Amino acid sequence: MASTPDEGILIAQHGSGTSTVQCFLRPDKANRHGLITGATGTGKTITLQTLAEGFSNAGVPVFMADIKGDLTGISQKGVVGDKLAKIIAERGLTPPESAAYPTTLWDVFGEQGHPVRATVSDLGPLLLARMLNLNETQTGVLQLVFKIADDDGLLLLDLKDLRAMCQHVGDNASDFTTEYGNVSAASIGAIQRGLLQIEGQGGEKFFGEPMLNIADFMQTDTSCGTTPSGGGKGVINILAADKLMNSPRLYATFLLWMLSELFESLPEVGDLDKPKMVFFFDEAHLLFNDAPKVLLERIELVVRLVRSKGVGVYFVTQNPLDIPDTVLAQLGNRVQHALRAFTPRDQKAVKSAAETMRSNPGLDIGTAITELAVGEALVSLMDEKGRPSVTQRVFVLPPSSQIGPITPAQRKTLIDTSIVAGVYEKLVDRASAYESIKGRTDSRLTEATKRSTPTEATPAEPGSRTAARNAPPAEAPAAPERSILDSIGDLMGGGARRTRASAGEQMIKSAASSIGREVGRQVIRGVLGSIFGGSRK
């Protein structure tokens, strides 16, 4: 259902005639963030689709993860079937006008959309430690690895770079201890095992170049119509996350990285008439589960400050208790679907949700939460003065686009005709840490081989050391005549005297032996590093 720019985005209503209650989401308050909660099957997906359409109609780009694979229908015109028509009539709603919306499909694995990648350096040690589930000590060692790479000018672009760098630091731990601190072999091993697990889950496809340009998310398009002001509709970016959800830590880290990219790359703009972009964070509990304190503090900081960058963040989850209080306090717009109070934790969630929404004298919020039908919700949105409105029990409007997934042929057409078609498909593997470390290892191996392998003699000038080495052995000089005193000395010393090396000669021999052993160890490490440093993908 259309709405005027002054009113905002109409997302839900109840009743008809003079008793009609309508809930408008004001674009100038959309960057105050929001929360969409409800049990499975209560209508959260339809709410997401309706909100995304409203933002797109206002010219605001949207990002959302498609957990179940059915949000892609937003790219096609909707058709009101008999079942939906009956529900619309029962609730006194106006049937939506059929419409399609400009859509860009993305996929970390590059199968159902354009590939989306980040470099290891850009992700950083904190988010990477979260992905690898490292403890505090292991995280410290990972930060040390990043620091050494930075100081040596080594680029960490993909997983093979990081694995090679970890092995390099572990093999030469004694060289870094004085300047950087202790390097635990056990921690290096834990990091390497974590990287192997990520590779097994397909995570190596996420790391590399070309890296995602976050500006490609913030596009408008007129191919599906224009906004009331005449501009292009906001492009709806959909991340295929059905397969990605098999690796929940990778999923949560990826979405948090994108949010951090928005925060770091966008300039400060204050409060705008409408957001530059709206970011829906589905299955938000994965972001906070077992997250260390330092990461929670970073998330809170990003959520609190990204508002001034013109970005609205909407967390979607089943239970409001999944969101920490420090983050929950930043979420001004609320859409609460039904919760089931079957367990003590469920009952606590119902009570918590009821207490955090603005009270309505004519509505028992706690009781209503457990009685809501599918597609029905309790809604409290920010008013023109930035205050939460009185909570209303309303029906979410059905979307104008198709409900359900698109066909493989429609998906292929969307990918081929996308505004970023061909930009991210070809993987770029430029020289980085892996190649640098491998080059050093190969150089040391070649040098050591030259030292240990005899070469053909070349003619040398007379009198040179080479000529002396190649000259045929000369006849031994005649032994000097021995006096009777020499003979007496031999008898007293027990026979002929042995020639003994001086102290200087012994020191030289010892140093040469030590150097030989060290070169041998370096050669062995270099060979192993070239084998296990990671293969090109």
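The values are calculated or read from the model by the stated rules, or taken from the named source; none is laboratory data. None of these values were measured; they are calculated from a predicted model. Virtual Cβ from ideal backbone geometry, glycine too; neighbours counted across all protein chains shown. In case anyone asks, the SASA skips ligands and DNA or RNA and just uses the protein heavy atoms, side chains included. Shrake-Rupley method; radii C 1.70, N 1.55, O 1.52, S 1.80 Å.
Values as computed for the structure displayed
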{"read-out": "Accessible surface of region 240-306, 1.4 Å probe, proportion on carbon and sulfur as whole %", "value": "51"}
{"read-out": "Whole-number accessible area per residue in Å² for region 79-157, which is evaluated in the context of all protein chains at 1.4 Å", "value": "43"}
{"read-out": "Derived scalar couplings ³J(HN,Hα) [region 406-411; Karplus, 6.51 cos²θ - 1.76 cosθ + 1.60; whole Hz; x for Gly, Pro]", "value": "8, 7, x, 5, 5, 4"}
{"read-out": "Pairwise Cα inverse-distance average, inverted: Kirkwood Rh of region 330-404 (Å)", "value": "13.3"}
{"read-out": "Region 267-306 versus region 70-127: alpha-carbon centroid distance in Å", "value": "21"}
{"read-out": "Spatially proximal lysines relative to K274 (Cα-Cα < 26 Å; intrachain offsets below 8 disregarded)", "value": "K29, K44, K77, K233, K309, K385"}
{"read-out": "Average Cα contact separation per residue, region 218-268, under 8 Å, 6 or more apart, as relative contact order %", "value": "21"}
{"read-out": "All lysines inside 20 Å of K426 as judged from Cα atoms, apart from same-chain residues fewer than 8 positions distant", "value": "K160, K205, K412, K537"}
{"read-out": "Region 301-353: chymotrypsin sites (Phe, Trp or Tyr not before Pro) falling in loop per DSSP and having at most 14 other Cβ within 10 Å", "value": "F342"}
